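**Q** This is the structure I have questions about; it appears just below.
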Amino acid sequence: MSDWDKLMKFRILKYVLLLAAFLLAGCRWTGNSRGPTPPQVTPTLAGPVIVPTIAAVAPSAIPATAVSPTSTPNEETVEPGITATAVAAEAVVANEPSRIEFPAGATTGTYTGNLDPYSARQYIFWAQAGQMVHITLHSTQESAGFSFYGIVDGQPLKRVENEVATWDDMLRFTQDFVLTVQTREFAEEYTLTLTIEPLPGATDLEIWPIVDASTGYIVGGTDNAGNWLPAEAALAPLDAGLLMQAYDDYFLQDLVTARVNPQQSPVCAQPLAAIDGEPELGEALLISGRWNSMPRLPFYGVNPEPYVSIVRAELLAAGLVDPVVNIESVTLVDLEGDGIDETIVVAQHVDVSNPAVAEDDYVLVLLRKIVNGAVVNLPLHADFYASANDLTYPSQYALQMVRDLNGDGVLDIVLRGERYEGRSLEIFSVDGDNSYLALRADCQP
């Protein structure tokens, strides 16, 4: 082998060894972006680690001094100077609210009771805007507390967390208020004293007007002696504006202010009211009495089929020959609170879009009730037309609602009437086996 051949073999072997070393080193080289991705190692730092900003990071500590809020505190804020004490989240209410009603002429009542630990008893009372109310609670271990709020607006006037055992202030709204006495970890005997001062300038005689929202009729009113008053006798409380409760057939819709309308009707003598803000109240009835006007709920929309034969018998007995039995509504309700339901049946076949009636037309509103163990029919309206007549101007009726409108505990019947170019509203009162028209508002050109 020549020296040239030896030199070439040496160079080839050298290049092979260098290439092998290069390839072995390349497997661990991090400088080549085309090589394998190295594992990521997080270094240990002596200083603080910077954390990226994320939404809603919880603070690690609460400042020793609370920062005063710049906005108005909400109603959950504890009153200044009052230390909030933990109260059982689920206090057991011992009763349905008991209504507080003072005897005639009285302004203060005292109520006592016993409560187990973590239990509560509720009361309900009615008061007017502008009246001063004073509440005091004493308990054997002085651990019981009380709260109260308005039913209509839901606004709490005092919370049980506020441990002060008294409340003295003027009410801003006329409504029912629920007052709750509540214990904590101890059983308690308590004495609750409630004082409701008369309104400034109030007299012994109180008048509570009744207004029909859809027509503006001042229907009349009642007084605190339970008397029904004609519209003219119920105007005075409305002169300066009166806060009234607007009810539909079941629920309270709104609190509104009504006043005597300065623009009375030029075509009829029925006094009219105006409602501030002109809210949309539909066929609501505005009342101002301070009692529970619906102590018992009616059942509307009862199946009319069982009453078809009853209505037919009434129509035939009235001299109609071939009447069409058309029952528009049947309602069950315990009017008198004796546990026995009465039935109100509205049946009619008449067209009030013109003054005429056809043969065998009729309007029949029946109150069916049990008197001395027997069912009797008390007609609230019974108009029968055995022959046609072009100028009769019939009325048709609908049951608008049942409510206690004079505070005697008996539900009164409110009927809405319509006839050719006219509307009416009637309130019937029931007394045993007698029913009578207590108030009527009507306007027809």
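**Q** Between ALA233, ALA213, which is outside the structural domain of ASP169 (by TED's automatic domain parsing), free of Cβ contacts under 8 Å to residues at least 60 places away in the same chain and under 30 Å from GLY417 (Cα atoms)?
**A** It is ALA233.
**Q** Under 9 Å between Cβ atoms, at least 6 apart or on separate chains: pull out the pairs that start in the stretch 259-275 with a residue that is free of Cβ contacts under 8 Å to residues at least 40 places away in the same chain and end on any residue that is of a type in the set (Asp, Glu).
**A** Final answer for the pair search is ARG259/ASP239; ARG259/ASP276.
**Q** Separate question: Can we say VAL365 is aliphatic (A, V, I, L, M) and either within 18 Å of LEU380 (Cα to Cα) or touching a Phe, Trp or Tyr at 6+ places or on another chain (Cβ under 7 Å) (or both)? Step through it out loud before you land on a result.
**A** Working: aliphatic (A, V, I, L, M): yes; either within 18 Å of LEU380 (Cα to Cα) or touching a Phe, Trp or Tyr at 6+ places or on another chain (Cβ under 7 Å) (or both): yes.
Yes, satisfied.
**Q** Please tell me if GLY109 is farther than 24 Å from ARG184 by Cβ and in a loop (DSSP other than H, G, I, E, B).
**A** Working: farther than 24 Å from ARG184 by Cβ: yes; in a loop (DSSP other than H, G, I, E, B): no.
For GLY109, the condition - farther than 24 Å from ARG184 by Cβ and in a loop (DSSP other than H, G, I, E, B) - is not met.
**Q** Okay, moving on. Going by the structure shown, is PHE251 closer than 30 Å to THR112 by Cα, at pLDDT below 95, surrounded by fewer than 19 Cβ atoms within 10 Å (Cβ to Cβ) and not assigned by TED's automatic domain parsing to the domain that holds GLY409? Write out each step before concluding.
**A** Values: closer than 30 Å to THR112 by Cα: no; at pLDDT below 95: yes; surrounded by fewer than 19 Cβ atoms within 10 Å (Cβ to Cβ): yes; not assigned by TED's automatic domain parsing to the domain that holds GLY409: yes.
When the stated conditions are applied, PHE251 does not pass them.
**Q** Among VAL330, VAL346, VAL375, which is assigned by TED's automatic domain parsing to the domain that holds SER435, assigned to a strand (DSSP E or B) and without any contact (Cβ under 8 Å) to a residue 12 or more places away in the chain?
**A** VAL375
**Q** I'd like the full set of residues that are closer than 14 Å to VAL430 by Cα and either part of a loop (DSSP other than H, G, I, E, B) or among the aliphatic types (A, V, I, L, M) (or both), limited to the stretch 378-404.
**A** Listed by number, the residues that qualify are LEU378, LEU380, VAL402, ASP404.
**Q** Count, please, the residues in the stretch 417-434 that happen to be surrounded by fewer than 19 Cβ atoms within 10 Å (Cβ to Cβ) and in contact (Cβ under 8 Å) with a residue 60 or more places away in the chain.
**A** Qualifying residue count, the stretch 417-434: 5.
**Q** Those residues that are at pLDDT 90 or above, part of a loop (DSSP other than H, G, I, E, B) and on the phi > 0 side of the Ramachandran plot, I need them from the stretch 164-223; list them, please.
**A** GLY216
**Q** Then there is this: Just one of the numbered conditions (1) assigned to a strand (DSSP E or B); (2) over 24 Å from GLY216 (Cβ atoms); (3) of a type in the set (Asp, Glu) is not true of ASP408; which one?
**A** Every listed condition holds for ASP408 apart from (1).
**Q** Being under 28 Å from VAL375 (Cβ atoms), modelled with pLDDT under 90 and in a strand (DSSP E or B) is the filter here, so list the residues in the stretch 419-433 that pass it. Steps first, please.
**A** Looking only at the stretch 419-433, we keep the residues that are under 28 Å from VAL375 (Cβ atoms), and these are 426-433.
Now narrow it down to the ones that are modelled with pLDDT under 90: 431-433.
The one that is under 28 Å from VAL375 (Cβ atoms), modelled with pLDDT under 90 and in a strand (DSSP E or B): ASP431.
**Q** Here is a further query. Taking only the stretch 260-290 into account, find how many residues are out of contact with any Ser or Thr (no Cβ under 9 Å at 6 or more places or on another chain), surrounded by fewer than 18 Cβ atoms within 10 Å (Cβ to Cβ) and not acidic (Asp, Glu).
**A** Matching residues across the stretch 260-290 total 11.
**Q** Is one or more of the residues making up the stretch 188-204 touching a Pro at 6+ places or on another chain (Cβ under 8 Å) and either among the β-branched types (Val, Ile, Thr) or outside the structural domain of GLY409 (by TED's automatic domain parsing) (or both)? If you could, list the steps in order and put the result at the bottom.
**A** In the first step, residues of the stretch 188-204 are kept if they are touching a Pro at 6+ places or on another chain (Cβ under 8 Å); the result is none.
No, there is no match, as no residue in the stretch 188-204 is touching a Pro at 6+ places or on another chain (Cβ under 8 Å) and either among the β-branched types (Val, Ile, Thr) or outside the structural domain of GLY409 (by TED's automatic domain parsing) (or both).
**Q** Name the single residue that is farthest from ASN224 (Cα to Cα) among those in the stretch 123-148 being within 22 Å of the chain's Cα centre (by Cα) and crowded, with 17+ Cβ neighbours inside 10 Å.
**A** SER147
**Q** Next question. Could you list, in sequence order, all residues of the stretch 349-371 that are farther than 16 Å from PRO394 by Cβ and in contact (Cβ under 8 Å) with a residue 60 or more places away in the chain? Spell out the reasoning first.
**A** The initial filter retains those residues of the stretch 349-371 that are farther than 16 Å from PRO394 by Cβ, namely 366-371.
Within the stretch 349-371, LEU367, LYS369, VAL371 meet the criteria.
**Q** Taking the condition of being in contact with a strand residue (DSSP E or B) (Cβ under 7 Å, 6 or more places away or on another chain) and crowded, with 16+ Cβ neighbours inside 10 Å, how many residues in the stretch 297-317 meet it?
**A** The total comes to 8.
**Q** Filter the stretch 286-316 down to residues that are among the hydroxyl-bearing types (Ser, Thr, Tyr) and outside any loop (DSSP other than H, G, I, E, B), then give me how many there are.
**A** The number of residues fulfilling the criteria is 2.
The values are calculated or read from the model by the stated rules, or taken from the named source; none is laboratory data. None of these values were measured; they are calculated from a predicted model. As a convention, Cβ positions derive from the backbone with ideal geometry for all residues, glycine included, and neighbour counts pool all protein chains shown.
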